[in-house]
């Protein structure tokens, strides 16, 4: 039986329920991409032992994925316009599938690293697609609910992934982590064949514009991002001179990238190629403020994802399996909160929901200072849940609030740009937490290599958590300006 291919054919075949089937199809693939990014952490110790890796080389398993994912997000709008939804989405699933299989069978670390980079490229391209679909396929009064339902499914992947990953590593070894994405990729490709259209955003046929991908801009963005993140890694390692040199190169490359994007943006009206990040996006105040919030929120989210398990294991001396058990309720609460907050996003102002979420997140970080070696574990669970409730309010609202005011042709670029800023912030946040923690440990006269924790070590962790709380408070200033200007609301 021939399945419908174009967007009008799909809508005619499946009727009103089609947009929900399309959302389900891309949700499975997005879950696979997110799981591949988070679950690898539980396999790093075993992998390091197998390949006899030092800490620096082992870190590239995670950071290589992050750099590839961050930069490839900028290519999503061009790929969708050139190849359409189905070919782009299916191509990313094939790349993720091949990366998982190659990484799982490899006996060479360089090949494992290449497989992780391939998975990162696929994850980066696929992650902006759901936001584009929600803003184009759903009516404004349904967008919050769609984002909430999608978020519930996607958040369960990183919430349950580490616990499941720990069991897989114990039973089958580190290779099983790579193979875990295979069934998700196969199911998502089957769903894509049935429900994802061949057309480009807006319903037009793919490949009709004459745009070529901005390869020089992509190269500049890659060099800038790689040098910037590596400078933070080197600073963490104590190589201040090398870190300074890499930072100078990064800032120079990113400045050239932005100059090129502005030039391409100005030339677009006369038939030039589209920029990877259109400067016209930032003419919208809600989007500009949303971009700032996304960057800082990414720093706080990914920084805490790194800091909280380290605090529980090395600060409170809890076992890794116990840590996973403690964090599981917070992950489940996050999934439920996203569903509730998604419905609220259809009725309540975005800036209020995002601000409430940031305030709760800041409070959860600040309250971590009340946890000590003599404190009951229940208090830690409560503060972790409070932070996840805050995240639940932010996640469905931020993208919608930032992009609702954009003209429809700019929505694909808006989705890729805001995801890029969030992931770049996340990469910075992880390194920043490590740098601040090491600095405060040195100041308090302790080190993480000591087998026993101490009040000095807990004081260093407290100051790192207070730094994250301060970041969230700064993001609140931008979040309150997510309100659309009165002129645009009256149109």
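At-a-glance table
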quantity: Residues 141, 351, 444, sorted so that the one with the fewest Cβ neighbours within 10 Å comes first; calculated: 141, 444, 351
quantity: The chain: angle of helix 455-479 to the longest principal axis, Cα-based, in degrees nearest 10; calculated: 20
quantity: Cα→Cβ-extended label distance, 7 Å offset, between residue 373 and residue 13, nm; calculated: 6.4
quantity: Full-extension gain in nm, residue 110 to residue 240, via 0.36 nm per residue minus C-alpha separation; calculated: 44.1 nm
quantity: Residue exposure sequence - 441, 218, 74 - by fewest surrounding Cβ within 10 Å; calculated: 218, 441, 74
quantity: Percent RCO, i.e. relative contact order, over the stretch 243-393, from Cα pairs under 8 Å lying at least 6 residues apart; calculated: 20
quantity: Tilt relative to the chain, helix 109-126 - C-alpha long axis, 0 to 90 degrees, to 10; calculated: 50
quantity: For the stretch 313-466, diffusion coefficient by Stokes-Einstein and Kirkwood Rh (Cα), 20 °C, 1.002 mPa s, µm²/s; calculated: 122
quantity: FRET efficiency, 1/(1 + (r/R0)^6) with R0 41 Å, evaluated for residue 215 and residue 456 via beta carbons; calculated: 0.20
quantity: Relative contact order computed over the chain (Cα-Cα under 8 Å; 6+ residues apart), in percent; calculated: 22
quantity: Calculated log₁₀ intensity ratio I(q)/I(0) where the Debye formula runs over C-alpha points of the chain, q = 0.07, 0.09, 0.10 Å⁻¹; calculated: -0.36, -0.60, -0.75
quantity: Neighbour-count order for 305, 92, fewest beta carbons within 10 angstrom listed first; calculated: 305, 92
quantity: Radius ratio Rg over Rh of the stretch 376-422, counting only Cα atoms, Kirkwood formula for Rh; calculated: 1.25
quantity: Residue 194-residue 252 pseudo-label distance in nm [points 7 Å out on the Cα-to-Cβ vector]; calculated: 5.4
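Only the coordinates and a few stated rules stand behind these numbers; no lab work does. What you are looking at is a predicted structure, and each value in this text was computed from that prediction instead of being measured. Positions of Cβ are backbone-derived with ideal geometry, glycine not excepted, and every protein chain shown enters the neighbour counts.
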